[in-house]
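Report on one structure; see the data block that follows.
We did not get these values from a lab; they are worked out from the coordinates using the rules stated. All values reported here derive from a predicted model rather than from experimental measurement. Glycine gets a Cβ as well: all are built from the backbone with ideal geometry, and neighbour counts include every protein chain shown.
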Amino acid sequence: DTKRKAYITAMKSDLKNLVSAAEAHFSDNPATGYATFTFPTTGSSGVIISGSGTATGWSATATHANAAGASCTIGVGTGVVAPLAEGEPGGPACR
């Protein structure tokens, strides 16, 4: 259980770091917004990230092979998939 919690913490951390990268991209590319942002496919310690963006928003999900059944989601902007319930305000939500 302790290792599973560590993997979930890594997923949350990677999604929080993704916010900074996406916002920097948006700032540099206001005409296309998040639509041209390239989402990483892997994060730290084997975290797998999937995401997509539009001109006005983006969402991403993180999973880990060793944390079966767990996933964390974050969404920023408009027209994106809502994060999972129980998340901290503005941060990733996990189940």
Separation between the R4 and T56 pseudo-spin-labels, each 7 Å from Cα along Cα→Cβ, expressed in nm? 3.9
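Per DSSP H run of n ≥ 4, the term is -39500 (n - 2.57); total these for the chain, divide by its residue number, and report the mean residue ellipticity at 222 nm rounded to 500 deg cm²/dmol.
-10000 deg cm²/dmol
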Vicinal HN-Hα couplings computed from phi for the range 62-73 (Karplus, 6.51 cos²θ - 1.76 cosθ + 1.60; Hz; Gly/Pro x): 10, 9, 8, 4, 8, 10, 3, x, 9, 8, 10, 10
Nearest 10, in degrees from 0 to 90: the angle of helix 2-28 to the longest Cα principal axis of the chain is 10
Formal net charge of residues neighbouring A67 (Cβ-Cβ distance under 12 Å; K, R +1; D, E -1): +4
